[in-house]
Amino acid sequence: MKRIAWDATRLLEASGWWLAPIAALLFVAAYYALAISPALEQRSMALNRHAMLAHAARKPAAIAKKPAADGIVFASLPSHRTLPQWLAAMFTTARELDVVLDVGDYRYIRNRDEPYGRYRIELPVYADYATVRRFTARLMNDMPFAVLEDIRLTRDDVDSDIVEAHLRLTLFLSER
């Protein structure tokens, strides 16, 4: 290695150092061709694969071609006409566990392309932590078609036993 460095120095001195910028450019070009270019190409291919997968996931045709098992799932959903009964059961569970339910936001969301609708419930709940857990567990057991999308717990004071929980539930209901 010392011999190559010595030969390079002797060549540069003999040429009057005008060869140095050319040698530096050749070194940079070789480094780019051997190290940087393949890494950029790999990154580009990975991004293209990711974009193709994301595009395939958003295709409406992919949504329309559902497996036959989905029909079984949709058939097991309760009808949207039974919604008042399920809400009454939720309030009964709250009353049994001494959970205070505050005024919430209730919205029914329906897409024409889907055989089911979503009933979104955003609800403040007041109780101690263990009771809030029991309440949400009972809701999930009693209503297997419900999804607990979000739960936020806050406490006003460190010494307070009461927790304010904001629940966001979605009930999936059949349109039959």
Starting from the amide H of D128, placed 1.01 Å from N in the peptide plane, find each other amide H under 5 Å away whose residue is 5 or more places distant or on another chain.
-> V163
Excluding A127 itself, what net charge comes from residues whose Cβ is under 15 Å from its Cβ, given Lys and Arg +1 and Asp and Glu -1?
-> -1
Taking a crude spin-label model, label points 7 Å out from Cα along the C-beta direction, the D150 to E41 distance in nm is 4.6 nm
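Just to verify a number: FRET efficiency for D157 and R95, C-beta to C-beta distance, R0 = 41 Å, to 0.05?
Details: r = 26 Å, r/R0 = 0.63.
Efficiency, rounded to the nearest 0.05: 0.95.
Rule-based calculations on the coordinates, nothing more; no lab input. If you're wondering where the values come from, they're calculated on a predicted model, not measured in any experiment. Cβ sites come from the backbone with ideal geometry, for glycine too, and all protein chains shown count toward neighbours.
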